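For reference, the structure is listed below as structure tokens.
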Amino acid sequence: MDFAETEEQLALRKAVAELGGRYGHAYTAPRARAREPLTELWQETGRSGFIGLNLPEEYGGGGAGMYELAIVTEELNTAGCGLLMMVVSPAINGTIIAKYGTDEQKRRWLPGIASGETIMAFGVTEPDAGSNTHKIATTARRDGSDWVLSGRKYYVSGVDNAQAILIVARTEDAKTGKLKPALFVFPTDTPGFEYTAIDMDVVMPDKQFMLYLDDVRLPADALIGDEDAALAQLFAGLNPERIMAAAGSIGMGRYALDKAVSYANQRAVWGGKPIGTHQGIAHPLAKAKVEVELAKLMMQKAAALYDSGDDLNSGEAANMAKYAAAEGAADAVDAAVQTHGGNGIASEYGLGNLVLASRVAKIAPVSREMILNFVAQFSLGLPKSY
């Protein structure tokens with residue numbers, strides 16, 4: 001097994017780090033406080049060819065894999081300017097459409113997603129169901145050749161800046177009367193589709209929204225793939241989501257550690273030695289470094305398995321990577337803030353807002369408890385607990 005990245009991957013990592021370095025926390029922070037999107041960074045990332053790295057070349061993508069897309073997310077977050085919609089638009093939606101969309105759907109949506117000119121949001125969670133796809137209440141019924149969608153979605157990122165959205169709904173099986181998942185893509189200006197922002201305490205550029213679908217009428221070609229296989233199609237996008245979420249947390253952890261190490265090497269009190277010489281400072285940072293690196297290894301494993309086509313094992317690794325990365329990032333941020341003392345919550349040091357942001361990673365896009373349920377059931381063979 002070769003743990004060395006290829007020359008192309010190393011060059012990509014360097015190029016994205018240089019891009020992120022031109023923006024960084026100084027660019028992100030005021031926009032996050034104002035709840036404004038990172039438009040200039042998104043556009044330059046798209047022009048550089050980084051947004052659609054995982055999408056097919058024939059549709060304007062880079063023809064690479066989830067490993068390369070994760071590099072982009074990791075390095076931008078390490079620079080202090082992560083792009084949340086990278087997880088959603090190319091990783092989840094782009095993957096689903098590339099795998100299961102018709103030729104016409106691919107031609108319509110993938111070039112814009114790949115270039116970043118089209119941002120596509122993703123709606124799955126609901127107020128009464130969370131992300132439990134077996135309890136989704138948003139329904140799609142046939143009306144002639146059209147589909148009519150009705151329901152609600154909750155905690156959907158970036159809808160106000162998205163030109164399109166992929167919605168997970170449920171259709172009724174005519175034979176059994178049972179509801180089953182189905183995926184629909186449509187423009188966000190479609191009549192009957194509305195949304196309102198959810199007030200959030202976390203400081204981030206991307207807003208969260210409640211969606212209202214009141215008899216949203218869609219043409220037949222809004223349905224992605226086969227309505228009888230939509231659950232499998234949905235999960236094809238969720239493994240990339242976990243991998244990208246892990247990459248973002250790893251980048252956040254690296255950012256926090258970089259800040260802490262720089263401060264600990266320069267800050268001198270109580271005798272003139274840098275505070276980093278004291279084990280009370282050094283050991284928590286070293287522990288966090290170990291955790292972040294271990295999470296990164298699992299994330300790389302998950303991405304490599306996914307890119308090889310091993311969906312089963314990549315699912316296990318992706319969930320483990322997401323869990324480990326969230327825990328590692330939270331510990332790294334905590335250690336970095338503690339290293340800075342009071343300066344850790346001063347705006348100029350760029351750490352205070354990460355305390356809550358890193359905590360969010362333990363909840364979204366899937367909670368740590370649901371990952372532990374998955375591991376208990378599928379990895380350990382224990383009885384289902386929920």
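Looking only at the range 260-301, residues that are within 30 Å of Asn239 (Cβ to Cβ) and of a type in the set (Val, Ile, Thr) come to 2 in all. Pairing each residue of the range 223-236 that is closer than 8 Å to Pro181 by Cα with any residue that is among the β-branched types (Val, Ile, Thr) and at pLDDT 75 or above, provided the two are 6+ apart or on different chains, yields C-beta distances under 6 Å for Glu227/Thr171. Checking the structure you have, find out if any residue of the range 99-108 is closer than 22 Å to Gly251 by Cβ, modelled with pLDDT of 95 or more and assigned to a helix (DSSP H, G or I). No, that holds for no residue.
If only residues of the range 38-62 that are open to solvent by 40 Å² or more (accessible area, probe 1.4 Å) and among the hydroxyl-bearing types (Ser, Thr, Tyr) are counted, the one that is nearest to Gly80 (Cα to Cα) is Thr39. All of Arg13, Arg31, Arg35 fail the test of being in contact (Cβ under 8 Å) with a residue 60 or more places away in the chain, surrounded by fewer than 20 Cβ atoms within 10 Å (Cβ to Cβ) and not in a helix (DSSP H, G or I), apart from Arg35.
Quick check, is Val366 open to solvent by less than 50 Å² (accessible area, probe 1.4 Å) and not in a helix (DSSP H, G or I)? It is true that Val366 is open to solvent by less than 50 Å² (accessible area, probe 1.4 Å) and not in a helix (DSSP H, G or I).
Looking at this structure, is Gly80 crowded, with 22+ Cβ neighbours inside 10 Å and in contact with a Gly (Cβ under 7 Å, 6 or more places away or on another chain)? For Gly80, the condition - crowded, with 22+ Cβ neighbours inside 10 Å and in contact with a Gly (Cβ under 7 Å, 6 or more places away or on another chain) - is met.
For the range 203-226, a residue qualifies if it is among the β-branched types (Val, Ile, Thr) and over 21 Å from Tyr154 (Cβ atoms), and exactly one does: Ile224.
Of the residues making up the range 254-264, at least one is open to solvent by less than 60 Å² (accessible area, probe 1.4 Å) and either part of a loop (DSSP other than H, G, I, E, B) or touching a strand residue (DSSP E or B) at 6+ places or on another chain (Cβ under 8 Å) (or both). The sole residue among Lys273, Lys289 that is of a type in the set (Lys, Arg), over 30 Å from Gln208 (Cα atoms) and surrounded by fewer than 14 Cβ atoms within 10 Å (Cβ to Cβ) is Lys273. None of Asn353, Asn319, Asn343, Asn313 is open to solvent by 60 Å² or more (accessible area, probe 1.4 Å) and either under 20 Å from Gly82 (Cα atoms) or in a helix (DSSP H, G or I) (or both) except Asn313.
Results for (1) touching an Asp or Glu at 6+ places or on another chain (Cβ under 8 Å); (2) closer than 20 Å to Gln9 by Cα, shown as yes or no for each residue.
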position	(1), (2)
Leu53	yes, yes
Glu57	no, yes
Gly61	no, yes
Tyr67	yes, yes
Thr78	yes, yes
Ala91	yes, yes
Lys99	no, no
Asp103	no, no
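Taking the criterion of being among the aliphatic types (A, V, I, L, M), in a helix (DSSP H, G or I) and more than 33 Å from the chain's Cα centre (by Cα), the only residue of the range 265-310 that qualifies is Ile275. When Ala288, Ala246 are checked against the criterion of being small (Gly, Ala, Ser) and touching a Lys or Arg at 6+ places or on another chain (Cβ under 9 Å), a single residue qualifies: Ala246. Looking across Thr73, Thr6, one residue alone is of a type in the set (Val, Ile, Thr), closer than 23 Å to Ala302 by Cβ and open to solvent by less than 20 Å² (accessible area, probe 1.4 Å). It is Thr73.
The values are calculated or read from the model by the stated rules, or taken from the named source; none is laboratory data. Fair warning: this is a prediction, and the values are worked out from it, not measured in the lab. Counting neighbours? That spans all protein chains shown, and the Cβs are built from the backbone with ideal geometry, glycine included. The protein model used for the area step is the full one, side chains on, heavy atoms only, and it has no ligands, DNA or RNA in it. Shrake-Rupley method; radii C 1.70, N 1.55, O 1.52, S 1.80 Å.
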